[in-house]
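Engineer: Encoded as structure tokens, here's the structure I'll be asking about.
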Amino acid sequence: MEANDTPSPTALLAAAARAAHALVDAPPLLLEDPAARALCTTGDASPLDFQLAQPGVPVLAAARVSACARARHADDVLVARRARQVVVLGAGLDTTTHRRPAPGRRFWLVDLPDVLTWRARLLARAGLPEAGVPVPADLGGAGWFDALVDAGLDPHVPVVAVWLGVGMYLEPDACRALLASVAALPAGSTLVLDHVLPADERDAAGAAYAAAVAAFAGRHGEPWRTAASAATVRDWLTDTGWAVADERDEADAVPPGFWDAQPHLRPMRLVRLVTATLTAPA
Ligand SMILES: C[S@@+](CC[C@H](N)C(=O)[O-])C[C@H]1O[C@@H](n2cnc3c(N)ncnc32)[C@H](O)[C@@H]1O
């Protein structure tokens, strides 16, 4: 595969990690993702090959936990909130549309234009439908929220916005600006996000994973730009109008008995998952 055929190698790594989980890890699973598997087996060599060949390699095992725990967490929120409008920010090869369709539920997928073109190409090759509306936009700039409304999002109906595995690729000011933009959604809307903790708040496993993934991503044009403490992200959210409803370490977003059952997977401290809501002004 030519490098320029893959505008977001990190999106492909995440899809491969989700695809591999049900194939190499033990129940209870975080999720099953046959659509991700299809995307990763469209003919080109794929990181899924590495996942299947060496599931115990720490960076590959940690990638499975991280990609699957955050996706499972978002799936649970969509179901609990009975979301009718779902916006996936930095969608990459996200497969929520395939995992969580529901009557009356619509999806919008925001990402950079070349990433969405690549996504469409892989979906077509895999014979998968695109059930979401692609919204090509730079989340680090202005105007993407208006593009969502132009693409049919009803600004009066609550939304579940999913912003996972993306914030580390934006500058801190852009993260804060994004939170302010999404706060224009109507009361009753929910935002699910994750963030990478600063170096001094990671454990050894988290530090090793961060070093490996940030180096890979940086080499492939997707440098990590933001790490933030839980307190900083809480401040960003409350300053922009969001109320924090839930926050936890990614390692705690797994079902009971999960860690004990796993031959390859270990908890690490690196990523926090946060759910925030918008309430009507008093
Ligand atoms: C690690 S992937 C995560 C994909 C998906 N959210 C997931 O969890 O599998 C990061 C995604 O963020 C997107 N991204 C990074 N910077 C962006 C920007 N400035 N605007 C829009 N999307 C961006 C990348 O193109 C890529 O699809």
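The values are calculated or read from the model by the stated rules, or taken from the named source; none is laboratory data. Everything quoted here is computed from the prediction, not taken from an experiment. When we count neighbours, we look across all protein chains shown, and the Cβ atoms used for this are built from the backbone with ideal geometry, even at glycine. In case anyone asks, the SASA skips ligands and DNA or RNA and just uses the protein heavy atoms, side chains included. Shrake-Rupley method; radii C 1.70, N 1.55, O 1.52, S 1.80 Å.
Engineer: Within segment 143-164, count every residue that is within 12 Å of the ligand (Cβ to nearest atom) and either in a strand (DSSP E or B) or out of contact with any helix residue (DSSP H, G or I) (no Cβ under 6 Å at 6 or more places or on another chain) (or both).
Structural biologist: Matching residues across segment 143-164 total 6.
One line per residue, one yes/no per condition, for (1) more than 17 Å from Phe216 (Cα to Cα); (2) away from the ligand (no atom under 11 Å from the Cβ); (3) surrounded by fewer than 17 Cβ atoms within 10 Å (Cβ to Cβ):
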{"position": "Gly43", "(1), (2), (3)": "yes, yes, yes"}
{"position": "Phe50", "(1), (2), (3)": "no, yes, no"}
{"position": "Pro58", "(1), (2), (3)": "no, yes, yes"}
{"position": "Val77", "(1), (2), (3)": "yes, yes, no"}
{"position": "Leu93", "(1), (2), (3)": "yes, no, no"}
{"position": "Thr96", "(1), (2), (3)": "yes, no, no"}
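Engineer: What are the pairs with Cβ atoms under 9 angstrom where one residue, in segment 141-154, is without any contact (Cβ under 8 Å) to a residue 40 or more places away in the chain and the other, located anywhere, is among the polar types (S, T, N, Q) and surrounded by 14 or more Cβ atoms within 10 Å (Cβ to Cβ)? Sequence gap at least six, or different chains.
Structural biologist: These pairs meet every condition: Ala142/Ser181; Trp144/Ser181; Phe145/Ser181.
Engineer: Condition first: within 11 Å of the ligand (Cβ to nearest atom) and not in a loop (DSSP other than H, G, I, E, B). Now tell me which residues in segment 4-18 satisfy that.
Structural biologist: Pro9, Thr10, Ala11, Leu12, Leu13, Ala14, Ala15, Ala16, Ala17, Arg18
Engineer: Report, ordered by the first and then the second residue, all pairs with beta carbons closer than 6 Å, sequence separation of six or more or different chains, a first member in segment 9-32 that is open to solvent by less than 20 Å² (accessible area, probe 1.4 Å), and a second member that is among the β-branched types (Val, Ile, Thr).
Structural biologist: Pairs that qualify, where the first residue is open to solvent by less than 20 Å² (accessible area, probe 1.4 Å) and the partner is among the β-branched types (Val, Ile, Thr), are Leu12/Thr6.
Engineer: Output the qualifying pairs, or none if there are none: Cβ atoms under 9 angstrom, residues six or more apart or on different chains, first residue in segment 69-81 and touching a residue at least 24 places away in the same chain (Cβ under 8 Å), second residue more than 11 Å from the ligand (Cβ to nearest atom) and among the basic types (Lys, Arg).
Structural biologist: Ala71/Arg99; His73/Arg248; Ala74/Arg100; Asp75/Arg99; Asp75/Arg100; Leu78/Arg100; Leu78/Arg105
Engineer: Next question, about the same structure. Of Leu185, Leu197, Leu193, Leu179, which residue is within 13 Å of the ligand (Cβ to nearest atom) and under 29 Å from Thr277 (Cα atoms)?
Structural biologist: Leu193
Engineer: When the residues of segment 246-282 are narrowed to those that are under 22 Å from the mean Cα position of the chain (by Cα) and among the acidic types (Asp, Glu), which ends up least open to solvent (accessible area, probe 1.4 Å)?
Structural biologist: Ranking the candidates gives Glu250 first.
Engineer: Could you tell me whether any residue of segment 229-242 is touching a residue at least 60 places away in the same chain (Cβ under 8 Å) and under 21 Å from Leu13 (Cα atoms)?
Structural biologist: No, segment 229-242 has no match at all.
Engineer: Could you grab me the full set of residues in segment 1-44 that are small (Gly, Ala, Ser) and closer than 24 Å to Ala261 by Cα?
Structural biologist: Ala14, Ala15, Ala16, Ala17, Ala19, Ala20, Ala22, Ala26, Ala36
Engineer: Can Arg125 be described as within 14 Å of the ligand (Cβ to nearest atom) and charged (D, E, K, R)?
Structural biologist: In short, no.
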